[in-house]
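First up is the structure itself, then whatever we jot down about it.
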Amino acid sequence: MELRSGRRLLITGGTGTLGYNVYRLLSGDPRYELYLPVRSLRPELFGSNRQAHVFPLDLADRSQVREVVEQIQPDMVVHLAASGLRPPKPAWFEMTNFNVEGTLRLFEACCALKRCHFIYISSGLVYREQGRPLSETDALDTLHPYGASKAAADWLLRAAAAEFGRKLTLLRPFSFTGLHDGGERLFPSLLRAAVEGRPFLMSAGGQVRDFCSVADIARGVALSIEQEHASLIEAINLGSGLAVTIQGTVERVCRELNLPVDLQFGARDYHPHEPMHLVADIAKAGAMLGWAPRENLAHAVWELAQSQFPALPVTKPAAQFS
């Protein structure tokens, strides 16, 4: 593997929704050399960008992970790779093994380096539901399968960072969508139903959520990369800070896009461990990173429609968050 000049960033999960948007944001920045280990090569995503080195890596292989980290000598690792949010859904233990053991394997390899800042992309789903906006000091406690696996990794990383004196930043994004969102997630599924001319079957939609553009979340990750955090261990929420029901959010997006789809609320049951109130307190992100969401959520969904369903007749909404 060729090692080049510039600040070396090892970014996992580059083929995922957030990872791809982080890559797009950083790929034109001359300060960075990007190393993107992936489970399967996707040449159509990364093209021939000389600034980015894309290669296969199995996070389950401890010796391979150590070898790659030792060879690249990254100044920073941004760990976005995760299992369990995009279908096909893995088995419960397969998901937790990847999200917990794979994460610790990578962190362990970084501990062999003299200096390496580890940024872990956790999730807003790690928190105990409080019925109010959640701050970084709130308790982590959930039975949601994906959230529990991220919470376990979150806890263990903090303990390891304290034990070994390693720089660790935990970013906890809440709900997001936009370019490269996919699978059976909410907004790709909504657009697919419109394309196919069938009703969109949903739960009652009473869940209160905090939806944000993935481009804004990626910008928060980029700002964290640029920061030299004073504390050894730091946790930061990223979200819109707005509490809106899923029903209200979907209806607003459909209205702004003039999306031709029949919404059928209540046609599906709620997930048994789904939180009913999941909203971020984003004061710390504003204070530490100078970050606030900018993009209108409907515009993010419009971008998704343009890229994945270009024949779908939708109105371009306002770009700015309001």
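Residues are listed down the side, and each one gets a yes or a no for (1) in a helix (DSSP H, G or I); (2) at pLDDT 95 or above; (3) surrounded by fewer than 20 Cβ atoms within 10 Å (Cβ to Cβ):
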residue	(1), (2), (3)
Leu85	no, no, yes
Leu104	yes, yes, yes
Phe118	no, yes, no
Ala148	yes, yes, no
Leu156	yes, yes, yes
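Looking at the range 141-184, which of the residues that are under 16 Å from Val77 (Cβ atoms) and basic (Lys, Arg) is farthest from the chain's Cα centre (by Cα)? Among those residues, the one meeting the criterion is Arg166. Please verify whether Trp291 is aromatic (Phe, Trp, Tyr), closer than 15 Å to Phe211 by Cβ and modelled with pLDDT of 95 or more, treating the condition exactly as stated. Here the answer is no, as Trp291 does not meet what is asked. The single residue among Gly248, Gly290 that is of a type outside the set (S, T, N, Q) and within 29 Å of Ala160 (Cα to Cα) turns out to be Gly290. Return yes or no: is Leu191 in contact with a Leu (Cβ under 8 Å, 6 or more places away or on another chain), farther than 21 Å from Pro275 by Cβ and part of a loop (DSSP other than H, G, I, E, B)? Judged against the criteria, Leu191 is not a match. Is one or more of the residues making up the range 215-227 more than 23 Å from the chain's Cα centre (by Cα), outside the structural domain of His299 (by TED's automatic domain parsing) and either assigned to a loop (DSSP other than H, G, I, E, B) or small (Gly, Ala, Ser) (or both)? No: the range 215-227 contains no residue that is more than 23 Å from the chain's Cα centre (by Cα), outside the structural domain of His299 (by TED's automatic domain parsing) and either assigned to a loop (DSSP other than H, G, I, E, B) or small (Gly, Ala, Ser) (or both).
Among the residues of the range 256-273, write down those that are part of a loop (DSSP other than H, G, I, E, B) and surrounded by fewer than 16 Cβ atoms within 10 Å (Cβ to Cβ). Answer for the range 256-273, where residues must be part of a loop (DSSP other than H, G, I, E, B) and surrounded by fewer than 16 Cβ atoms within 10 Å (Cβ to Cβ): Asn258, Pro260, Asp262, Gly266, Ala267, Arg268, Asp269, Tyr270, His271, Pro272, His273. If you filter the range 1-45 down to residues that are part of a loop (DSSP other than H, G, I, E, B) and within 18 Å of the chain's Cα centre (by Cα), you find that the one that is modelled with the lowest pLDDT is Arg39. Looking at the range 92-99, can you tell me whether even one residue there is out of contact with any strand residue (DSSP E or B) (no Cβ under 6 Å at 6 or more places or on another chain), in the same structural domain as Glu226 (by TED's automatic domain parsing), hydroxyl-bearing (Ser, Thr, Tyr) and in contact (Cβ under 8 Å) with a residue 24 or more places away in the chain? Yes, because at least one residue in the range 92-99 is out of contact with any strand residue (DSSP E or B) (no Cβ under 6 Å at 6 or more places or on another chain), in the same structural domain as Glu226 (by TED's automatic domain parsing), hydroxyl-bearing (Ser, Thr, Tyr) and in contact (Cβ under 8 Å) with a residue 24 or more places away in the chain.
Can we say Val253 is part of a loop (DSSP other than H, G, I, E, B), surrounded by 20 or more Cβ atoms within 10 Å (Cβ to Cβ) and more than 19 Å from the chain's Cα centre (by Cα)? Considered against the rule, which asks whether it is part of a loop (DSSP other than H, G, I, E, B), surrounded by 20 or more Cβ atoms within 10 Å (Cβ to Cβ) and more than 19 Å from the chain's Cα centre (by Cα), Val253 comes out as no.
Scan the range 101-126 for residues that are more than 16 Å from the chain's Cα centre (by Cα) and either of a type outside the set (Asp, Glu) or over 18 Å from Asp61 (Cα atoms) (or both) and the total you get is 14.
Exactly one of (1) outside the structural domain of Arg132 (by TED's automatic domain parsing); (2) out of contact with any Pro (no Cβ under 6 Å at 6 or more places or on another chain); (3) of a type outside the set (Asp, Glu); (4) modelled with pLDDT of 95 or more is unmet by His299. Its number? Status for His299: all satisfied but (2).
Within the set Glu184, Glu129, the sole residue that is outside the structural domain of His229 (by TED's automatic domain parsing), of a type in the set (D, E, K, R) and either outside any helix (DSSP H, G or I) or crowded, with 17+ Cβ neighbours inside 10 Å (or both) turns out to be Glu184. Taking Arg128, is it at pLDDT below 95 and basic (Lys, Arg)? Criteria not met by Arg128.
Residues that are assigned to a loop (DSSP other than H, G, I, E, B), crowded, with 21+ Cβ neighbours inside 10 Å and of a type in the set (A, V, I, L, M, F, W, C) within the range 283-313 comprise just one, Trp291. Only one of the numbered conditions (1) in a loop (DSSP other than H, G, I, E, B); (2) modelled with pLDDT of 95 or more; (3) closer than 20 Å to Ser224 by Cβ is not met by Thr142, and that is (3).
The values are calculated or read from the model by the stated rules, or taken from the named source; none is laboratory data. Computed from a prediction, not measured in an experiment: that's the story for all the values here. Neighbour counts are summed over all protein chains in view; Cβ atoms, including those assigned to glycine, are modelled from backbone coordinates with ideal geometry.
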